Amino acid sequence: MNKQNQLLYKMVLTAIFSALCFVGVYIKIQLPVGMIHLGNFICIMASLLCGGLIGGIAGSLGMGISDIIYYGGFSAGVLRTILLKFGMGFIVGSVFRLFYKKKWNPKIMNTICMSIFLIFFGLSIAGCALGGFDIMEKHIQIHFTIPIFLGLVTMLYGLVFIFDHKLNRISKIALTATSLGILFNIFGEIYIKALLYYWIDTKYASFDAAYAYALSGIPSLAITSAITCILSAFIFYPLFKATRNYLNLSITDEE
């Protein structure tokens, strides 16, 4: 395949996954603040299967256009989505290929990711027990579903370590890459979101107010992130095996 055809092929893949990311946002459960959706999951699948650039652009375009429709035009929320989804997709695809090509062992990184999720799990349980916490004049309630989903992700990592000898290397690398992308998205949805809303959205007079609003979306963010991680762990490898010849990936399978 010559360079012109390769470019066209990548553009077609980007367009397809952009459309799927757009649809994924509408497969959702609306919450009082934020929503649970499948857009992140599709963005990560695109990044693992086709590379970080395709996955990142697809996530930015698909979910960015969805936000433009939702907000009725360009806004701080749209810019947040474009930046975070590109970053998440690019990190996932780049880390996956880097670990594979360098033949690095993902066990150390998976241990770090599991520790982070375990800390979040402990904090969420404490938050539930204390009835939430106050930031400025806003009360942040920790919904009981958050420790449940974070606990499931932690259990997933535990199973990975228990059955380490039975899992293929590609699946373990994919879990590492997915976790790093999700963690980037989580911190971005709190801190980058707060900064963008403070700088661009005129209804937030201070950074503290924008930060409090960003924190109010933690329940939907935590659940969406957990679902994305769990689905990716179980669905990626079958998709990889089924589509690698069609997607022309420069990665060979390792059992």
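Relative contact order of the chain, taken over Cα pairs closer than 8 Å and 6 or more residues apart, is 22 percent.
From the square roots a ≥ b ≥ c of the eigenvalues of the alpha-carbon gyration tensor of segment 3-132, which class results: rounded (a/c under 1.5), prolate (a/b over b/c), or oblate? Verdict is oblate for segment 3-132.
Helix screen, the chain: DSSP H segments with Cα axial length of 24 Å or more and mean Kyte-Doolittle hydropathy at least 1.6 are 107-130, 145-162.
Shown is the FRET efficiency for Leu83 and Phe163, computed with R0 = 35 Å from the Cβ-Cβ distance and rounded to the nearest 0.05: 0.45. The residues of the chain expose, per residue, 50 Å² of accessible area to a 1.4 Å probe. Where (1) 58, 44, 28; (2) 57, 41, 31; (3) 42, 40, 37 are the candidate values, the label of the one calculated here for Cα extents along the principal axes in Å is (1). Against the criterion of solvent-accessible heavy-atom surface with a 1.4 angstrom probe, Lys107, Lys102, Lys3, Lys193 sort, most first, into Lys3, Lys102, Lys107, Lys193. Exposed loop sites, defined as chymotrypsin sites (Phe, Trp or Tyr not before Pro) outside DSSP H, G, I, E and B with at most 15 other Cβ atoms within 10 Å, are absent from the longest region of the chain, namely 164-255.
Accessible area per residue (1.4 Å probe, heavy atoms of protein chains only) ranks Cys21, Cys128 as Cys128, Cys21, with the largest value leading.
Only helical runs count toward this figure. For the chain, summing -39,500 (n - 2.57) over DSSP H runs of n ≥ 4 and dividing by all residues gives -26000 deg cm²/dmol at 222 nm.
The values are calculated or read from the model by the stated rules, or taken from the named source; none is laboratory data. This one's a predicted model, so the numbers in the text were calculated from it and none came from an experiment. Cβ: placed from backbone, ideal geometry, glycine included. Neighbour counts: every protein chain shown. To get the accessible areas, we keep the full protein, side chains included, count just its heavy atoms, and leave off ligands, DNA and RNA. Shrake-Rupley method; radii C 1.70, N 1.55, O 1.52, S 1.80 Å.
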